[in-house]
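Where a number appears in this text, it was derived from the coordinates with a stated rule and is not lab data. Note that this is a predicted model, so its numbers are computed, not measured. With ideal geometry, Cβ positions are generated from the backbone for all residues, glycine too; neighbour counts draw on all protein chains shown.
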Amino acid sequence: MTMKVRKAVFPAAGLGTRFLPATKAQPKEMLPLVDKPIIQYGVEEAMASGCDQILIITGRGKQAIEDHFDVSYELEKMLEDRGKTDLLAIVRNISDMMHVAYVRQKEALGLGHAVLMARELVGNEPFAVLLADDVIDAQVPCLKQMVDVFDKTQCSVLATQIVEGKMISSYGVLDVKPADGSFDGRLYEIKNMVEKPKPEDAPSNLAIIGRYILTPAIFDCLAETPAGAGGELQLTDGMRLLLQKEKMYAYVYEGRRHDTGDKLGFLKATVEFALKRDDLGGPFRDYLKGLKL
Ligand code: UTP
């Protein structure tokens, strides 16, 4: 029987230190790109890729995420009373989106640890992991591209992107060989991976980005993995163990990724998304043109 990816896990328990002070009392996942919180872009991507269950790993100070996907009776009533039907539809649409479950990660012990928190609710089936701050603008949603690979291979699939120069040291990096078959030369079989190598030690220029499809065998691997760099349980270390047991693929996705967990990345994404909007794009473009840069 072929397995399907139905569940999407969003680790959102990190402290967001790169975005202080904005993230002191609010989750970075709730920072808006134009007018929509970052995490909603990811949830919409998961839904458009065939997932029908969302699991968000939260921590202290993340209440706003739960409130965002919940019903807001007072707000709905007020909008209804005032006849603001278009806004009411937007607000209702979010809470109607789908069932969202939450698990607390009591301490921020690393991305691998956050994924391990999903074990009980995911159970024995493949699942997607999306890091909300990687917002990916793509014609075919990035996760959907990966699901297509999974449907064919039934193996774990990591999204990868070419990163040139020293910046490669900020990522998990893949050692790969080209995979047989279709996918326009975008598919690789993974031989090994290292977390944040020095530029001279990087096995390639293929960086792991914030989209993963993993088989449930990852949970045993994470449970066996000792804490790594910075005392955190690294997802990359767990995946390296998984690689010893199963074949894994890397897919060079088509699309444009914005690292919105970084201040400059966030600003660039804001400008690009605003320029694409029907309601804002024109006046915003005129404004930018008028700036003496
Ligand atoms: P980041 O490396 O972006 O860390 O985590 P961070 O804490 O969110 O942000 P900075 O670097 O301090 O600014 C990658 C993803 O893993 C989640 C984060 O929420 C983010 O989505 N994460 C990280 C957890 O859920 N738990 C952790 O213990 C660590």
Counting each DSSP H run of 4 or more residues in the chain as -39500 (n - 2.57), what helix-only mean residue ellipticity at 222 nm follows after dividing by all residues, to the nearest 500 deg cm²/dmol? -10000 deg cm²/dmol
Sum up the charges of everything whose Cβ sits under 14 Å from the Cβ of Asp67, counting Lys and Arg as +1 and Asp and Glu as -1, but leave Asp67 out. -4
Quick one: which residues, 5+ away or cross-chain, put their amide H under 5 Å from the amide H of Lys191? H built at 1.01 Å from N. Asp175, Val176, Lys177
Longest principal axis of the chain (C-alpha) makes with the long axis of helix 263-276 (C-alpha) an angle, in degrees to the nearest 10, of 60
Residue separation between Thr270 and Glu44 times 0.36 nm, minus their alpha-carbon distance, gives in nm 79.6 nm
Residue by residue through region 91-108, what is 3J(HN,Hα) from phi via Karplus (6.51 cos²θ - 1.76 cosθ + 1.60, θ = phi - 60°)? Round to whole Hz and write x for glycine and proline. 5, 5, 4, 5, 6, 7, 3, 4, 6, 10, 10, 10, 10, 8, 9, 5, 10, 6
Mean-square fluctuation check for the chain, GNM, Cα pairs under 10 Å: which of Arg186, Arg277, Arg240 is largest? Arg277
Using the alpha-carbon atoms, what tilt in degrees (0 to 90, nearest 10) does helix 38-48 show relative to the longest principal axis of the chain? 70
Net charge near Leu31, counting Lys/Arg +1 and Asp/Glu -1 over other residues with Cβ under 11 Å of its Cβ? +1
Hey, what do the phi angles of region 204-210 turn into as Karplus ³J(HN,Hα) couplings, whole Hz, using 6.51/-1.76/1.60 and θ = phi - 60°, x for Gly and Pro? 6, 9, 9, 9, 7, 10, x
Per-pair calculated FRET efficiency, R0 = 41 Å: Asp96 and Asp201 via Cβ, rounded to 0.05: 0.25
Whole-Hz ³J(HN,Hα) from phi, Karplus 6.51 cos²θ - 1.76 cosθ + 1.60, for region 12-23, glycine and proline x: 9, 9, x, 8, x, 5, 5, 10, 5, x, 4, 9
Rounded to the nearest whole number, the Stokes-Einstein translational diffusion coefficient of region 204-253 at 37 °C and 0.692 mPa s (Kirkwood radius, C-alpha pairs) in µm²/s is 277
Selected from Thr85, Thr270, Thr215 as most flexible by GNM, with the chain as the system and alpha-carbon contacts under 10 Å: Thr85
Compute the convex hull volume of the Cα atoms of the chain, divide it by the residue count, and report the result per residue in Å³ as a whole number. 161
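Given +1 on the Cβ of Lys and Arg, -1 on the Cβ of Asp and Glu, and no further charges, what dipole in debye does the chain carry about its Cα centre, rounded to the nearest 20?
Charge dipole of the chain: 560 debye, to the nearest 20.
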Of the candidates Tyr251, Tyr41, Tyr73, which one comes out as most mobile in a Gaussian network treatment of the chain with C-alpha springs shorter than 10 Å? Tyr73
Column: log10 I(q)/I(0), Debye, Cα scatterers of region 28-121, q = 0.19, 0.25 Å⁻¹: -1.01, -1.42
Test item: Cα-centred dipole of region 146-293, Lys/Arg +1 and Asp/Glu -1 on Cβ, debye: 560
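In region 1-80, which trypsin sites (Lys or Arg not before Pro) are in a loop and have at most 16 other Cβ atoms within 10 Å, using DSSP for the loop call? It would help to have the intermediate numbers written out before the result.
Details: sites: Lys4, Arg6, Lys7, Arg18, Lys24, Lys28, Arg60, Lys62, Lys77; in loops: Lys4, Arg6, Lys24, Arg60, Lys62.
Loop-located and lightly packed - Lys4, Arg6, Lys24, Arg60.
Around Ala229, what is the net charge, scoring Lys/Arg as +1 and Asp/Glu as -1 over all other residues with Cβ under 15 Å from its Cβ? Show your work: numbers first, answer last.
Values: positive: Lys196, Lys198, Arg240; negative: Glu195, Asp201, Glu232, Asp237.
Net of charged neighbours comes to -1.
If exposed GluC sites (Glu not before Pro) are those in a DSSP loop with at most 10 other Cβ within 10 Å, what is the longest stretch of the chain that has none? It would help to have the intermediate numbers written out before the result.
Working: sites that count: Glu107, Glu164.
Segment 165-293 is the longest.
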If you fit an axis through the alpha-carbon atoms of helix 281-290 and take the longest principal axis of the Cα set of the chain, what angle between them do you get, 0 to 90°, nearest 10? 90
Over 5 Å intervals from 0, what percent of Cα-Cα pairs in region 1-81 sits in each interval? 3, 13, 20, 21, 18, 13, 8, 3, 1, 1, 0
Please report, in debye to the nearest 20, how large the charge dipole of region 27-144 is about its Cα centre when each Lys and Arg carries +1 at its beta carbon and each Asp and Glu carries -1 there. 300
